[in-house]
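Working notes, structure below.
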Amino acid sequence: MMSHRSEKQKMLAGDLYVARDPELQHDMAQCAEWLARYNKLEGSLSERLGAVGENACIRPPFHCDYGYNIFLGHNVFLNFNCIVLDVVPIKIGDGTQIGPAVQMLTADHPRDPALRQKMLESGRPITIGKNVWIGGGAIILPGITIGDNAIIGAGSVVTHDVVSGATVAGNSARPLRTSSRP
């Protein structure tokens, strides 16, 4: 049965889609134009992002695919050189601080080489809770949820969900301790 959904609709649903689709290429081109302005300090976050809470700040240079799938809570801070592959939603809770060169990657690819050969990809959303601290250079992989008040050590590769209050570090990131703080 043929799907009557556009490649963009498939992408937003997290299903397999073709990234070189003209509509998606147009969206990426628009995002690139906005990023060029924003990174020169001539544009605002609210022009492109899905939601921007009060006092949210992203220090340029900043890189993303579409922008409209990024949702920032109040007082969110992303330091220099963050990369956000936002083919599906990335939600970042109030008060979260993200170090330089952090990568948040919702884009995923089929494990089946025949599907990859067709240039299909998909996405799984990332959700980051409130008051999270993510150290510089960390990589957050597709489909990850990080609970409130968690700490992700610098350079960590987060391959599994992180519970609220936990501190994780390493490659792949593993629990170091659970905080007793609320």
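Coordinate-derived values only; no laboratory data. Since this is a predicted model, take the numbers as computed values, not measurements. Cβ coordinates were reconstructed from backbone atoms using ideal geometry, including for glycine residues, and neighbour counts include every protein chain displayed.
Points worth noting:
- Folded to 0 to 90 degrees: helix 22-39 orientation relative to the chain principal axis, Cα: 40
- The chain - convex hull of alpha carbons, volume per residue in Å³: 116
- DSSP-loop trypsin sites (Lys or Arg not before Pro) across the stretch 3-63, with at most 14 other Cβ within 10 angstrom: Arg5, Arg20, Lys40
- Expected 222 nm ellipticity per residue - DSSP helices of 4 or more, -39500 (n - 2.57), all of the chain, to 500: -5000 deg cm²/dmol
- Overall form of the stretch 109-182 per C-alpha gyration tensor (a/c, 1.5; a/b vs b/c): prolate
- Cα-based reach from Lys40 at 19 Å (exclusive), listing lysines while leaving out same-chain residues under 8 positions away: none
- Evaluated with a Cβ-only charge set (Lys, Arg +1; Asp, Glu -1), the stretch 7-178 carries a dipole of roughly 420 debye about its Cα centre, given to the nearest 20.
- Around Tyr38: net Lys/Arg minus Asp/Glu count, Cβ-Cβ under 15 Å: -1
- Cα point-scatterer Debye curve for the stretch 85-140, base-10 log of I(q)/I(0) at q = 0.14, 0.20, 0.24 Å⁻¹: -0.47, -0.75, -0.92
- Within the chain, longest stretch clear of exposed GluC sites (Glu not before Pro) (DSSP loop, no more than 10 other Cβ within 10 Å): 55-182
- The local environment of Ser122, defined by Cβ-Cβ distances under 15 Å, has a net charge of 0 under the rule Lys, Arg +1 and Asp, Glu -1.
- Dipole axis of the chain (+1 Lys, Arg; -1 Asp, Glu on Cβ), positive-most option in Pro110, Asn79, Thr159: Thr159
- Within the stretch 76-126, trypsin sites (Lys or Arg not before Pro) in DSSP loop having at most 16 other beta-carbon neighbours inside 10 Å: Arg111, Lys118
- Charge sum, other residues only, whose C-beta stays under 14 Å from Leu16's C-beta, Lys/Arg counted +1 and Asp/Glu -1: +2
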